[in-house]
């Protein structure tokens, strides 16, 4: 993979959570903060890269729809494989953005930031 094209720190988990938007960065409304499953057939609009637990190793990529509904997640043995798969599966994937390491709820921070609920 072209490591030099990746944001600094993403492979080293510095910070551990990152997010990217698929397609247009405009959303109908900011994430409401309500945890919910996505409707059947929903398309992924936001990806969150996160470390797997200490026992699993590797990384997860979680997919969310435009309203912040959880679609699902996939485990990868390495962050490199997770990033390559995300790019391969989503040709219109935007840039990866870091979630501050001190964010109390990294997923909520990412969803709010992606949908315009947080000013960056």
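The values are calculated or read from the model by the stated rules, or taken from the named source; none is laboratory data. Just so you know, these numbers come straight off a predicted model, no measurement behind them. All Cβ positions, even for glycine, are placed from backbone atoms using ideal geometry, and neighbour counts span all protein chains on display.
General remarks:
- Residue check, residue 25 touching a residue at least 12 places away in the same chain (Cβ under 8 Å) and in a loop (DSSP other than H, G, I, E, B): yes
- Residue satisfying condition, being more than 20 Å from residue 84 (Cβ to Cβ), touching a helix residue (DSSP H, G or I) at 6+ places or on another chain (Cβ under 6 Å) and assigned to a loop (DSSP other than H, G, I, E, B), within set 53, 33, 41, 68: 68
- Members of the stretch 86-120 found to be part of a helix (DSSP H, G or I) and farther than 14 Å from residue 19 by Cα, listed by number: 88, 89
- Residue 109 being in contact with a helix residue (DSSP H, G or I) (Cβ under 9 Å, 6 or more places away or on another chain) and at pLDDT 95 or above: no
- Failed item, numbered, when residue 86 is tested on (1) over 19 Å from residue 30 (Cα atoms); (2) in contact with a helix residue (DSSP H, G or I) (Cβ under 7 Å, 6 or more places away or on another chain); (3) buried (at least 19 other Cβ atoms within 10 Å of the Cβ): (2)
Here's the yes/no breakdown for (1) modelled with pLDDT of 95 or more; (2) out of contact with any strand residue (DSSP E or B) (no Cβ under 8 Å at 6 or more places or on another chain); (3) buried (at least 16 other Cβ atoms within 10 Å of the Cβ):
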position	(1), (2), (3)
2	no, yes, no
25	no, yes, no
31	no, yes, yes
45	yes, no, yes
62	yes, no, yes
